[in-house]
Structure formats: structure tokens, C-alpha cells
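Visitor: One structure, pasted below without further comment.
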Amino acid sequence: MWDMILQPFRDYAGSGMLIALFLAAELFLFVSEKNKMTRIVFVYLPALVLLLYFLPPFAALIYAFVESEIYYRLLWLLPVTPVLGYTAVKILSGCAGIKKWGVGAALGIMIMLSGSLVYKSPLAVRAENPYHVPQSVVDICDAIRVEGREVMAAFPMELIPYVRQYSPYVCMPYGREILIERWHFQNELYDLLNAEVLDVELIVEKAREQNCHYVIFGQGKTINGSFEDYEYELFDVIDGYTIYTDTTLYKGL
Amino acid sequence: MLILRIISLLFFALALPVGMGAGLTAFLDRREKNIFFMWTAGQLLEMALFQIVAVPVILLQGRLDFLDGRAFTVVTVLFEGLSAVAAMLGTVVWIKKGRGYRPHTVEKIPKTALLWWGTAAVLLLLQLAGVFCLRFMDGDDAYYMSEAVMAQASENMYRHIPYTGMATELDTRHCLAPFPIWIAVLARVSGFHASVIGQVAVPMLLIPLTYAVYGMIGSRLFKGRKDRLPVFMVFVQLLVLWGNYSIYTAETFLMTRTRQGKAALANLIIPALFLLLYLLGERVAENRKIEKSLWLLLAATVTAACLCSTLGGFLTALLTGLFCICVLVVYRKPKFLLPACVCLLPAAIYTGLYLLLQR
């Protein structure tokens, strides 16, 4: 049980420096804060939340009802930002003149060094459109859409999570679940289409089993066979993605 | 056309909540009679109203012929209709009762405070510019945003797998926290694509609102020392901007996953609950009568938490419960316990319903 309590805490705390600052701020407020209500909200309440979080019977109770991945959300009840902000202002208010600016700058730098700037995250990329999906997804979905109908399309791995965020009219034989290893989803068409060497015969067989109107794959693949031999035709090449369509399937055109 | 869409979005996402909040604020202390409290209160009331309207329709679609092929439209019309009526009533109540909004004297802001306010404003503008220019990749969007996009287009709610579009049984794991459907409703009434609402409009709304809540918390903490509030706001923004010390922090959720209900829970609902508990506690400490509208707002906050996440009801109930224990021990005044428990009923109902559906 301790592992199930400590691991989410470690994951949440990251380097642990800002949480250490928060705990120091709590101690500072415990000693210095005179206002009873502020003490309750900013000192006693977070202390009780932490106590409950680390209490094994409480953790066992929560784990009995919710997924293990979300136990850390209990830590959202810790008012880390307002407590640290309030403590910083309290410290600053004890200084005067030029010292105040110096201490203010030092506190700001301490926060920046302890935390991590959100814009430095590797998950942040330039938005290409207001939908916040890759432009290739917009272009491909617009091209393969059939007015008034849904189409089934097998996409390459990197585009899968975005397709249905843009178009509800493009269905897929496999979705984001295939990308999460621990969910243990499997789809042969996905494996075939994301291999380095594309086995056309097998791809066509599996795509037809799943009523795929389109198969889409990226550049740099070695193609073993010819789609045209199986009544497929090249639909288009968009943003470096090759789109083949199955001419034997009715698309409502 | 774009201008019309923006005006329509501002009306439904901003004007209606403020109108609703104004009616509630009219019954509160003069200190709470400000535009930020109206906005926050109205947003919480609106989200609670949405939860009350949407969940029964989601559960009944497929069982009532009347809802076949129009369940999402029914939610949209019912919710926006009731919101408009509530906002109208709120505005009328505010005009009739809400005296005391205008400050009696215009205080001069010291130069240093102006400098701090300027810094806080620049930081906020940079964050809002970031909403337009950057996208944060998050796998969960493949569920939440797709669900919103699908509801807007197909009238179905939680009856298709958002990842693939295949039809399925009602998704009981997510359907009791229909935050994506709220996004889809905003998309329907404004005419924007649901992804644009989720990725751009919702962050433009929730990020400033979160700071407004922090600002109100700050104004309670620095009563009589208004010059300290802008310093607090600058530090709060630094802490949010540099709060990405792991992918699990509330601050990271605010900046990178604003369109997901759990981000709203961590950054709007929970801080707003801290503010409300502070206001309630102040009244208990000063032996003042607690206004009914404050209790209503507490119940609305708990209900809004259920809209954001299935864990929301539990977290808000836990925090409120712990707060009640603290106040009881410190002040030994048990009178407020009963109404506080009544306010937690929505959490009990939605959590109970969740457990029932999961069986």
C-alpha cells in the first residue's frame, strides 16, 4: 500500500523543490499567521488533506472505488499556489525600500528555479490552426469526407489521436486506445500499416474485413506489392501522406 | 459572420453567467458585490444548471422516443433557455436589490501598486496569447474533444466510442461528468467547431476566471492592505507559469489541458470552494448570519464539480467536510453543520449514481 501512496506523490511532486517550498511556507504560516480563518484554510486544512492522503486505510478505501492512476488528484486539494503567493507577500511586507525589491526578485527567482516553465514542455508545439490539431489531419479529413455520410479510414500512428477531434464523419478501425500499451488493444491492420515494409496483400485483406474506404500511410515506407492489383486506386498524396481508396466499397458518391 | 459568432459566444458564455451571478450576489455582503464575484458565482451556477439538465437527458436517451435523434438539441434548448431566464431574473433582482456596487470613493492607486498591476496584466496577456499560438498535445483530448465534436454533429452523447466513432452502450464511466457536452453546447449556440471552443474559447474564459478567483482570495487575505493584492497576483501567476514541475499539478492542467473538465475542477472549482469556505468561516467566526445565497452557491459549486469530473463530488465533499471539522473544533459552533451537509447532497447523489451504474 505504501508504494501506491508514495509513487503518486513522487510523480506529482516532480523534483520536489516546489513542494518543499510549500511545506516550508506551511510551517512559516503555522508560526506567524495570526488570522484564525487564514490558519484554518491555509494551514489546518492542507495538513488534514496530507494526513488523509498518507493514511493507508483511507488510500485503500479510495483505491477500492477509483482507478489507481488518479489517486494523486487528492493533492489538488492542497492550495500550493495561493499559500506560496501569500507567504511571498508576507515576507515582502516585512521588508522596506530597496531591500523589498531585492527580496521580491529573489523570491521570484526561487520560484522559477524550483518549478519548470510550462512553455518549455516538450508537449508544447506551435498551433497550426484554431482546432489545435496537425494541419495534415485537417487536409486529409477534408479531402476524404463524403457529404452526408461517414467514411472509415485507417490512419498512421501519429495522426490517430487527432482525426476525430477534427472530423466526426471520419471513423477509424482503431483509435487512440491502440497507442496505450497498458490497455492491451491490438489490431492487425494497425500493425501492418505502421510497419516499415507494407505488405499490400495483407493490408487489403484486413482493411476489407473492417470496411475501410481508405488506407493512409506516411512517406519512407517500402511497399511490397501494388494496391492497384486489388482494385484500390491512389486517391491523393496530401502533406506527405499517401491515400489509397478501395473502389469495391460503396462510399455514397 | 465571425463577429456574429464571437458576439453570440460572449453572450452565452459570459453575459448569461454574469446575469445569473448578479442575482445571487445581490443578497450578499457589500464586499462580495463586484463583477468578479458575479462572474464566478454565475459560472458556478451555470455549470451546476447544466449538470442538472444534461445528466437526465444523457441517461434517458435511447429509452424515450421523444429524445431519439435530438437528445443533444434538447439539452441545448433546455439549458440555454433556463440560463436565459435565470440571467434575466438575476439582472432584475440585481437592479431592484443590488445596491452598494459602486464604491463610495475612488481610491488613488499608489505608483508601485500600478507597476505590480501592470506586470500582472502583461503576464495574463502573455498567457492568453499562448492559448492562440501554442497547442499542448494531450492524449486525453482524443476522448474529451472527440466526444464534444461528435455530440455537436450527431446528437448522440456517450453512445459512440469517441476514439473510433463506433456505436456502443452508454459510457457510464464518463457520462455523469459531461463537461465535453457543455463545450459542445457552446459550440452549437455560437456556430464554432467544438474543438475551437475547447482549445481556444474555454481557456480564454477559464484562465482569467481562475485568476479572478485567486484575486478574490487575495482580497480576503489582504483586507485593508489593497496594495499587497497586485504583488500576490504576480506571484500567483509566476507559480502557475512555473508550476509544470510535473504533468500532474493543477497548474499544469490549467495551462495545458484547460479544455478538460479535470482542469476546471482543479483550477476553478477547488479554488472557488476555498474562497467560499473562507467566506462561510468568516461569518461563523463573526457570529453573522450566513446568507441563503451563499449556501446555494456552495451547493452549486459541489454540483459543478460533478460536471467536471466523476471524482469532483468526492473531492469537494471531502474538503468541505474537513473544513467543517476545523471550524467546529476552533469555534465550537455546530449550527452551520446541517446546511453544509445539505449542500453536499449533489455529491452524494452523483457519486451514488456512478457506483450504481458501474455495478
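Each reported figure results from applying straightforward, stated rules to the coordinates on display, with no laboratory input. Here the structure is a predicted model, which is why all the values come from computation and not from measurement. Ideal geometry is used to build each Cβ from the backbone, glycine not excepted, and the neighbour counts take in all protein chains shown.
Visitor: Output the pairs from A:Lys90/B:Lys262; A:Lys36/A:Lys90; A:Lys36/B:Lys226; A:Lys34/B:Lys108; A:Lys99/B:Lys111 with a Cα-Cα distance over 25 Å in this structure; if there are none, say none.
Guide: In this structure, A:Lys90/B:Lys262; A:Lys34/B:Lys108 exceed 25 Å between Cα atoms.
Visitor: Can you tell which of A:Cys95, A:Cys141, A:Cys212 shows the greatest fluctuation in a Gaussian network model of chain A with Cα springs below 10 Å?
Guide: Among A:Cys95, A:Cys141, A:Cys212, the largest GNM mean-square fluctuation belongs to A:Cys95.
Visitor: Please report the relative contact order for segment B:173-304, taking Cα pairs under 8 Å with a sequence separation of at least 6, and give it as a percent rounded to a whole number.
Guide: Reported relative contact order: 22 percent.
Visitor: Name the long-range amide H neighbours of B:Gly243: under 5 Å, sequence gap of 5 or more, or other chain; modelled H, no Pro or chain starts.
Guide: The answer is A:Ser116, A:Val118.
Visitor: Further question on the same structure: Quick one: check the C-alpha center-to-center distance for segment A:188-203 versus segment B:175-223, whole angstrom.
Guide: 42
Visitor: Based on alpha-carbon centroids, what's the gap between segment A:1-68 and segment A:84-134 in Å, whole number please?
Guide: 22
Visitor: For chain A, what's the radius of gyration and Dmax over Cα atoms, in angstrom?
Guide: In order Rg, Dmax, the Cα atoms of chain A give 27.3, 83 Å.
Visitor: Using each residue's phi in segment B:66-74, evaluate 6.51 cos²θ - 1.76 cosθ + 1.60 at θ = phi - 60° and report the 3J(HN,Hα) Karplus result to the nearest Hz, with x for Gly and Pro.
Guide: Listing the rounded values in order: 4, 8, 4, x, 9, 4, 5, 5, 4 Hz.
Visitor: Would you mind ranking A:Ile216, A:Ile70 by Cβ crowding within 10 Å, fewest neighbours first?
Guide: With the sparsest Cβ surroundings first, the list reads A:Ile70, A:Ile216.
Visitor: Have a look at B:Gln61, B:Gln260, B:Gln51 and tell me which one the Gaussian network model of chain B (Cα, springs below 10 Å) gives the largest fluctuation.
Guide: Of B:Gln61, B:Gln260, B:Gln51, the most mobile in the Gaussian network model is B:Gln61.
Visitor: Scan around A:Ile223 for amide H atoms under 5 Å from its own, H built in the peptide plane at 1.01 Å from N, and keep only partners 5 or more places away or cross-chain.
Guide: Here A:Leu198 satisfy the definition.
Visitor: Each residue of segment B:5-19 in order: what ³J(HN,Hα) in whole Hz does its phi give by Karplus 6.51 cos²θ - 1.76 cosθ + 1.60, θ = phi - 60°, with x for Gly and Pro?
Guide: So the J values, rounded to whole Hz, are 4, 5, 4, 4, 5, 4, 5, 6, 8, 10, 5, 4, x, 4, x.
Visitor: Turning to a different aspect of this structure: From other protein chains only, count the Cβ atoms within 10 Å of every residue's Cβ in A:132-138, then give the mean.
Guide: For peptide A:132-138, the averaged partner shielding equals 3.
Visitor: Here's another thing I want to ask about it. For Cα pairs less than 8 Å apart in space and 6+ apart in sequence, what is the mean separation divided by the residue count of segment B:1-59, i.e. the relative contact order in percent?
Guide: 34
Visitor: If a/c stays under 1.5 just call it rounded; otherwise compare a/b with b/c (prolate if a/b is bigger, oblate if not). Do that for segment A:135-246, with a ≥ b ≥ c from the square roots of the Cα gyration tensor eigenvalues.
Guide: The shape class here is rounded.
Visitor: What order, most packed first, do the peptides B:11-17, A:98-104 have when packing is the mean number of other Cβ atoms within 10 Å of each residue?
Guide: In decreasing order of mean packing, B:11-17, A:98-104 become B:11-17, A:98-104.
Visitor: Would you mind calculating the relative contact order of chain A from Cα pairs under 8 angstrom and at least 6 residues apart, reporting the percent as a whole number?
Guide: 13
Visitor: In Å and whole numbers, how far do the C-alpha atoms of segment A:80-164 stretch along each principal axis, longest first?
Guide: Between the extreme Cα coordinates on each principal axis of segment A:80-164 lie 69, 22, 19 Å.
Visitor: Moving to a separate point now. With every atom except the alpha carbons ignored, what do you get for Rg and Dmax of segment A:161-224, in angstroms?
Guide: Answer for segment A:161-224, Rg first and Dmax second: 12.3, 32 Å.
Visitor: Rounded to whole Hz and in sequence order, give me ³J(HN,Hα) for segment B:188-195 from the Karplus expression 6.51 cos²θ - 1.76 cosθ + 1.60, θ = phi - 60°, writing x for Gly and Pro.
Guide: Listing the rounded values in order: 4, 6, 9, x, 7, 5, 4, 5 Hz.
Visitor: Over all directions, the average projected area of the alpha-carbon convex hull for the protein assembly as shown comes to how many nm²?
Guide: 29.8
Visitor: Calculate for the protein assembly as shown the 222 nm mean residue ellipticity that helices alone would give, adding -39,500 (n - 2.57) per DSSP H run of length 4 or more and normalising by residue count, nearest 500 deg cm²/dmol.
Guide: Calculated mean residue ellipticity at 222 nm is -18500 deg cm²/dmol.
Visitor: Here's something else I'd like to know. From the alpha carbon gyration tensor of segment A:2-120, can you work out the equivalent ellipsoid semi-axes (sqrt of 5 times each eigenvalue) and give them in Å, largest to smallest?
Guide: They are 31, 18, 9 Å, listed from largest to smallest.
Visitor: Would you mind checking which residues have amide H under 5 Å from B:Leu134's amide H? H placed 1.01 Å from N; only 5 or more apart, or other chain.
Guide: Amide H neighbours of B:Leu134, under 5 Å, 5+ apart: A:Ala127.
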